[in-house]
Amino acid sequence: MVELYMERNAAKNGLVNLVAVVIIFIAAFGVTYYVNSLAGQIASVFLGLGALVAFASWFQMRLEENERLEKLEMDELAGGRSGSALFETKDAEVFPARRAREQFEKFFVPGFGVLLLLLEAGGAWLLWGWIGRATSGVAPDRAMPALALFAIFALLLFLFGRFSVTMARLENHRLLRPGASFILLGAYICFITALAIAGVKAEFPRADFYIARGLCVLLGLVAAEMLVTLLLEIYRPRVRGKITRLVYDSRLVGLLGQPESLFTTAAQALDYQFGFNVSETWFFRLLQKNLPALLLVQLAVLLLSTCVVFVDAGEQAVLERFGKPVAGGVLTPGAHIKLPWPADRVYLYRTEQIQTFDVGYAPDATTENEKTILWSVAHAKEDNFLVGNHESVTIKNENTDTNDTLKAPPVSLLTVSIPVQFQIHDVMAWAYQNADPTNLLQDLATRAVVHYLAGVDLNSVMSQAKLEAEQTLRDQIQAAADARRLGVKILFVGLQDIHPPVKVAGDYEKVVGAEQTKLAKILDAQADAIRTNALAGALAFTTTNIADATRQRLEVQALARAALFTNQIPAFAAAPSVYRQRAYFQTFAAATANARKYILLVTNTEEVVIFDLEDKIREDLLNLNVPNSQSP
Amino acid sequence: MKRNILTVIIGAVLILIFGLLLFVFQVRQSEVAVVTTFGKPVRDLTEPGAYFKWPWPVQKVYKFDQRTQNFEDKFSENLTSDSITLLTSVYVGWKISDAQSFFPKFAGGSMSAAQRMLESTLRSAKSAVISKHTLSELVNADPKALQFDGIESEIEQAVQVQLQTNNCGIELEFLGFKKIGLPESVTQAVFARMTSDRQRLINQFQYEGEAEAQKIKSAAERQASEVVNNAVADATRIRGEGEAEAAKVLPVFQQNPELANFLLRIDALQQSLNQRSTLIFDERTPPFDLFTGIPASSTSQGH
């Protein structure tokens, strides 16, 4: 009867735990919403999981209690019946409560373990992402009430948890342990959440975020442990009569809730998993005995490790002792000894390395590997810079604003890509003069570029003034960096890409094309001129030669005619009429040989003869295409 | 016993570390600190080193970065005095000059709150200064007309005056234009003007080329014509000389002018009939007069 009473008492404790953790879970969730704490959100999740575990263990306690009641009744009946065969039936029919408990342990408990795993793993995954995206933090004006409430939750949970943990050590109260462990862990997490809120109140705004991240990792570890437990449960050796450990009774949660029971928990886990008492081996006992010494050694090693600093090649380090730079405390590459943390601290800087940043553009990953860079094709995320323009100013001053195109400001736009390379030469100046020296150097360089371009002409800076611009910019950036005591040396400033914006770049290329076309036209005309002059020379030569030939012909023919005439005179004198008639007919026959001749042999003088002497052109000649020919 | 000693040592070390953290704090070279006792500023620490304090909540330490902070304001639109909308962004370097004045002005010495205040002051000053200047004073190819540095100085002075008025423990170290741009619609107008400018050059090159070509051709033709004309003149002269030389034999023909004239006529007849010609004769023209002595029937058959 005492056993039964204790069993009922355990179930009552389980129910109290369940009610307490549910109420505190709801309250914690409300407070979290009120104060907008990330850590409080994770704490609520832990408390919710604790409520589920407390419910499962309470339910199982109820089943075991029913089973014991059933056993007592059956024992009483068995005493009264003295073994009549009439009531001999199967166990399932006689012990329904036991059957229910067995079915619960067989199916529900593993299923619940899987459910917990999914909730824990899913919760850790989702909360990690949600924390990273969270933009708002703890409301400072609500921090104090929330802090106090979480402290109260921690205290209440601690009291319930400690009581239940103590009760769980009693025989037949083992089912109290899973819920009690979660309640104790919940108490500590509520306390940590209160610390996170206090941290925010004490001007550490990221405290809530970092503690939330830590609790998220813890939730992930609990999920991992649950997964391992489920896997090991499959291969665990079954010992008849040995009480099985509940799958949802997390050892990690138990250890965190009761850190003093580290060795007990570890021993129990090992004994349970291997089926024999690992905790009684010499190694385990040695470890258990010397743990404080090991921890001390580890702490000492950790502290000693902060006494040595290694500076890599290309780096320099600034050594600070209690925040003050040590005289000559710039450490060069190699190993160095220093006082342990927190007395000495070291800050490393890449001094030898040539560092680069870009002004005017941000490399575009999609076009970075292009082999050809064209003005008219965007090859990076480029900024447009304003640049002066002589021609536009002239137009604006000379004319009124009647023309629409003149309403545009008297400036042009230009795209530049300027890589700037620098090296830190004074690490103390770099470290202590400016909070963000890299960003400041970029600001100074960009300002120098904006200033330079604002005072030059577009066309000149794109052509002949480019080299001069590089030198001027390098000098100006160096001067600005020196004025701001940045401790850097500007090694290189390159105008590697300077061109009109992509939208008008094509028009600039057309101008180059037009210039080439102009040259081509001039060259064509020169070729034509050469041809014309050459042909004219040839024609002149021909004309004079023909004239020479004509002169020669005239002279020779005149002489020949004179000689012929001299010889013809005697013949004419001998027979003037015959000679004349003969000459006439010879000439007539020769001259009219090819002429078309019509001879009218008519006697009637009044007859009218009509001749159509019009030339008839052959039809095929009319269709002939004659190519154009140019006269020289 | 041994175990107890170890536990005591560990505990002592932990308590020592915890105590150090509670009672001692460090101020870095790059920092300045303000110590408050129950919320009231009592100490202003500008030198680096380790300092003692009473633990929270008696004393609290607020540390600030005393190095020059820099930030860039928003790329905002302003109107110049010549009514051109201009986008500008300014970077600013500032530092805490007086931590005790700075600390109470910005909710526990919040650097971000100070930066927000500075940014609003900056935007106001920038807008006021830019509205007094024309765009060509900020961007101009003529260095004499450019007032870039002067405008920066004006903005810096305006901000500095406001900071002194506020007495918020902040000092402006430097200021400069980070970006100067035009709104999208104006940018498109500038693009259109740049395109027109290029088109003007394209036309200039195109027609200059044509004009130049025409000039070259014309000069060449003139030169060719000159050469040909000279050649024709020379040819005429040469032919004349030939004529003159040929005329020297004319006295020979004077020996028998009748025969000479007859021969000249015959030559002329022969030369005139050299071309394609149609001749119509009647029966009286020798030698066709031979047809008159032929009987009529024979004549008809001849046709």
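Here, each number is a calculation from the coordinates, and none is a lab measurement. Computed from a predicted model, the values in this text were never measured in an experiment. Don't worry about glycine lacking a Cβ; one is built from the backbone with ideal geometry, like all the others, and counts go over all protein chains shown.
Averaged over the residues of peptide A:561-568, the number of Cβ atoms from other protein chains lying within 10 Å of each residue's Cβ is 5. Rounded to whole numbers, the Karplus 3J(HN,Hα) couplings from phi for the stretch A:526-537 are 5, 5, 4, 4, 4, 4, 4, 5, 5, 5, 5, x Hz, using 6.51 cos²θ - 1.76 cosθ + 1.60 with θ = phi - 60°, and x at Gly and Pro.
Normalise the Cα radius of gyration of the protein assembly as shown by 2.2 N^0.38 Å (N = residues in it) and let me know the number.
So the Cα radius of gyration is 1.96 times the expected 2.2 N^0.38 Å.
Taking the DSSP beta bridges in the protein assembly as shown as the whole, what percent of them are antiparallel, to the nearest 5?
Within the protein assembly as shown, antiparallel bridges account for around 90 percent of the total.
For the options B:Leu269, B:Leu14, B:Leu122, a Gaussian network treatment of chain B with springs between C-alpha atoms closer than 10 Å singles out B:Leu269 as fluctuating the most.
Computed over the stretch B:2-65, the convex hull of the alpha-carbon atoms projects to a mean area of 5.0 nm².
Among B:Ser127, A:Ser412, sorting on how many other beta-carbon atoms sit within 10 Å of each Cβ, with the fewest leading, yields B:Ser127, A:Ser412. In this simple spin-label model, placing a label point 7 Å from the Cα along the Cα-to-Cβ direction at both B:Ser153 and A:Gln526 gives a separation of 5.4 nm. When the C-alpha to C-alpha distance is required to be over 24 Å, the pairs from A:Lys201/B:Lys40; A:Lys503/B:Lys74; A:Lys324/B:Lys60 that qualify are A:Lys503/B:Lys74. Using a Gaussian network model of chain B in which every pair of alpha carbons under 10 angstrom is joined by a spring, one finds that among B:Phe52, B:Phe177, B:Phe148 the greatest mean-square fluctuation is at B:Phe52. For B:Val92, the shell of other residues with beta-carbons less than 15 Å away shows a net charge of 0, using +1 for Lys and Arg and -1 for Asp and Glu.
Considering only B:Leu86, B:Ser136, B:Gly109, the residue lying farthest towards the positive end of the dipole of the stretch B:69-182 is B:Gly109, judged by Cα position with unit charges set on Cβ. A Cβ-based charge dipole, computed about the Cα centre of the protein assembly as shown with Lys and Arg at +1 and Asp and Glu at -1, lands at about 3840 debye.
Given a Förster radius of 45 Å and the C-beta distance between A:Ala343 and A:Asp364 as r, what FRET efficiency does 1/(1 + (r/R0)^6) yield to the nearest 0.05? Efficiency at R0 = 45 Å is approximately 0.40. Shown here are the Rg and Dmax of the Cα trace of the stretch A:515-560, at 19.7, 66 Å. Here the stretch B:152-206 is treated as a sphere whose radius is the Kirkwood value from Cα pairs; by Stokes-Einstein at 4 °C and 1.567 mPa s it diffuses with a coefficient of 86 µm²/s. Counting Cβ atoms of other protein chains within 10 Å of each residue's Cβ and taking the mean over peptide A:313-322 gives 2. Scoring A:471-478, A:497-504 by mean Cβ neighbours within 10 Å over their residues and listing the highest first yields A:497-504, A:471-478. Counting neighbouring Cβ atoms within 10 Å and putting the fewest first, the residues B:Arg116, A:Arg345, A:Arg133, A:Arg162 line up as A:Arg133, B:Arg116, A:Arg162, A:Arg345.
Peptide B:243-256: average number of partner chain Cβ atoms within 10 Å per residue?
Per residue, the number of nearby Cβ atoms from other chains is 5 on average.
Reducing the stretch B:17-41 and the stretch A:535-567 to their Cα centroids gives an inter-centroid distance of 125 Å.
The spacing between the stretch A:197-225 and the stretch A:131-153, judged by their C-alpha centroids, is 12 Å. Within the shell defined by Cβ-Cβ distances under 12 Å, the residues around B:Ala233 carry a net charge of 0, with Lys and Arg each +1 and Asp and Glu each -1. Result for chain B in a Gaussian network model with C-alpha springs under 10 Å: among B:Glu171, B:Glu184, B:Glu77, the largest mean-square fluctuation is at B:Glu184. Under the convention that each Lys and Arg Cβ holds +1 and each Asp and Glu Cβ holds -1, the size of the dipole of the stretch A:464-588 around its Cα centre is about 620 debye.
Extension gain, A:Arg99-A:Ser305: 0.36 nm per intervening residue step, less the Cα-Cα distance, totals 68.1 nm. Local charge for A:Trp430 was computed over the other residues whose Cβ lies under 12 Å away, with Lys and Arg +1 and Asp and Glu -1, and equals +3.
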